[in-house]
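Undergrad: I have a structure I would like to understand better, so I am pasting it below and will then ask my questions one at a time.
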Amino acid sequence: MKKIGILLCVCGLMLYSCSVVKQSTVLAKCSFAVTGLSDFYIAGINLDKVKDINQLNVLDAMKIVSAITNKTAEIKFKVGVDVKNPSNQQASINKIQWIVEYEGAELLRGAYSQPIVIQPNATTTIKVPVMCDAAKLLKGRSLKEVYDIYQKIMGNTQEKSPLILKVKPTIDNFTFPSYIKLSTTL
């Protein structure tokens, strides 16, 4: 009886390992590309439609400055990532750990815990929600500098900004040992 239990455990581990290897192989064929940022909010103010700092009304500007000064400002945005699966097999990811770097410095890190399924021969867009403390992130910068950084990241200026997204996928409770670097200039 004990031998049957051990044999079942070994078979189960082999099937689990085969599943992880199969999904890892399919995922290794996938390409990842940062497509941009959207839904950008600071201190609850949506900046998506603001093309020039002068378009901010006085109340919104005061709210942002006050929130940063009082260390209660929160920045929220979504990073768009296209995952292209050229394989004829479905790729699945249980979770992604991520790091965002801007101009060579780590800005943020977090995790996206929603399961992701990329159909065979298809591209799936993932919108990774990012949230951080603006006061910590923007310490020592003026509202104009903050807005200029935002404009560069959003691609609204001629001056481009190097944004790097690093991802570490988890498949069937197996987390990749290192990050995949998704570099882009927005």
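Undergrad: Residues with beta-carbon under 9 Å from that of residue 78, excluding residue 78: net charge, scoring Lys, Arg +1 and Asp, Glu -1?
TA: Combined, the nearby Lys, Arg, Asp and Glu give +1.
Undergrad: What length, rounded to one decimal in nm, is gained on full extension from residue 35 through to residue 121, with 0.36 nm per residue of separation minus their alpha-carbon distance?
TA: 29.1 nm
Undergrad: Give me the net charge of residue 39's neighbourhood, meaning all other residues with Cβ under 15 Å from the Cβ of residue 39; Lys, Arg count +1, Asp, Glu -1. Mind showing how you got there, number by number?
TA: Values: positive: 49, 76, 78, 127; negative: 48, 74.
Around residue 39, the surrounding residues sum to +2.
Undergrad: Continuing with this model, one more query. List the aspartates and glutamates whose alpha-carbon lies under 15 Å from that of residue 181, not counting same-chain residues fewer than 8 positions away?
TA: Those aspartates and glutamates meeting the cut-off are 82, 101, 103, 106.
Undergrad: Out of the stretch 32-92, which trypsin sites (Lys or Arg not before Pro) are coil in DSSP terms and have no more than 16 other C-beta atoms within 10 Å?
TA: Answer in residue order: 49, 51, 71.
Undergrad: While we're looking at this one, here's another question. Highest first, please rank the peptides 91-104, 108-121 by the mean number of other Cβ atoms sitting within 10 Å of their residues.
TA: 91-104, 108-121
Any read-out appearing in this document is the output of simple, stated calculations on the displayed coordinates, not a laboratory observation. Just so it is clear, the structure is predicted and the values come from calculations on it, not from any experiment. Note: ideal-geometry Cβ built from the backbone for every residue, glycine included; neighbour counts use all protein chains shown.
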